[in-house]
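The values are calculated or read from the model by the stated rules, or taken from the named source; none is laboratory data. What you see is a predicted model, and the numbers here were worked out from it, not measured in a lab. Here the Cβ is made from the backbone with ideal geometry for all residues, glycine too, and neighbour counts use every protein chain on show. Accessible surface areas use protein heavy atoms only, side chains included; no ligands, DNA or RNA. Shrake-Rupley method; radii C 1.70, N 1.55, O 1.52, S 1.80 Å.
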Amino acid sequence: MGAWFDVSSTDMFQPFSTSHLLMLTAYACGVLAMFFLREQLQTNSVRLIIRWLLFLMLFSSELSFQGWAIYHGVWRFPDHMPLHLCGIASIIAMLALLFQNKSLIRLTYFLAVVPAMLALITPDLPYGPEHFRFWKFFLHHLAISWSGIFLVFSTPVRITLASMLQSFLLLTGYALVIGTLINPLTGANYLYLAKPAADTLLSHFGNGASYYVNLVMAAFIAFALLYGAAKFFTEKNK
């Protein structure tokens with residue numbers, strides 16, 4: 001595999017380079033395709049194909065990432081457990097795709113769509129397109145966000161205000177567990193409850209208490225927008 005699968009790379013990620021813009025374009029095309037073809041997504045054959053394709057993208061991305069870290073002897077609990085928001089969203093999305101459970105579908109929608117989309121725009125990623133990790137990151141986050149949209153368009157599930165509030169409370173509870181137990185005990189920074197060193201959107205959230213206030217507000221606004229979008233598009237589709 002050579003340098004493509006190595007632990008390091010001389011090809012560094014460049015924000016909004018040609019390769020980055022191509023990934024963003026692929027994401028947008030996928031979202032638009034699901035929007036315009038949302039009625040076709042409800043047919044059994046199309047839904048089945050996309051459902052398993054997304055599941056395989058999610059599963060193979062997580063498995064290959066863990067395998068890469070273990071192979072090179074760099075696996076560490078603070079860095080490689082799927083405990084970030086996108087990691088948890090990926091696991092919940094796989095379960096929702098497998099079991100088609102309505103509660104899991106609603107939770108996937110709220111946890112997966114916006115965080116993965118924002119990660120695609122400002123990735124916390126050192127590797128360029130000549131490295132395996134570049135493709136793992138983008139394909140994984142494409143599949144995470146697409147899964148949330150696909151599940152809502154392809155199944156007869158209603159996104160309610162109660163489900164929005166429930167998802168927000170579950171996320172808040174999860175953040176409290178991560179922030180008070182997991183991160184302090186392991187030295188990790190899961191959910192980026194401490195300001196990340198990389199230049200991402202979180203870099204503009206302030207410092208100290210204002211950072212946490214802005215995190216909570218941003219999450220609630222994102223959930224509210226997702227709720228509004230689901231109400232508009234699903235009712236329009238009926």
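Structure summary
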{"read-out": "Hey, residue 191 at pLDDT below 95, among the aliphatic types (A, V, I, L, M), within 23 Å of residue 149 (Cα to Cα) and surrounded by 15 or more Cβ atoms within 10 Å (Cβ to Cβ) or not", "value": "yes"}
{"read-out": "Residue within region 102-113 that is without any contact (Cβ under 8 Å) to a residue 60 or more places away in the chain, of a type in the set (Ser, Thr, Tyr), part of a helix (DSSP H, G or I) and in contact with an Asp or Glu (Cβ under 7 Å, 6 or more places away or on another chain) present", "value": "no"}
{"read-out": "In region 1-55, the residues that are within 21 Å of the chain's Cα centre (by Cα), free of Cβ contacts under 8 Å to residues at least 60 places away in the same chain and assigned to a loop (DSSP other than H, G, I, E, B)", "value": "16"}
{"read-out": "Every residue from region 58-79 that is among the aliphatic types (A, V, I, L, M), open to solvent by less than 70 Å² (accessible area, probe 1.4 Å) and either in contact with a Leu (Cβ under 9 Å, 6 or more places away or on another chain) or assigned to a helix (DSSP H, G or I) (or both)", "value": "58, 69"}
{"read-out": "Selection from region 48-92 of residues that are in contact with a Ser or Thr (Cβ under 7 Å, 6 or more places away or on another chain) and either under 23 Å from residue 190 (Cα atoms) or modelled with pLDDT under 95 (or both)", "value": "58, 62, 77, 78, 82, 89, 92"}
{"read-out": "Odd one out for residue 133, checked against (1) out of contact with any Phe, Trp or Tyr (no Cβ under 8 Å at 6 or more places or on another chain); (2) open to solvent by 40 Å² or more (accessible area, probe 1.4 Å); (3) more than 27 Å from residue 217 (Cβ to Cβ); (4) in a helix (DSSP H, G or I)", "value": "(1)"}
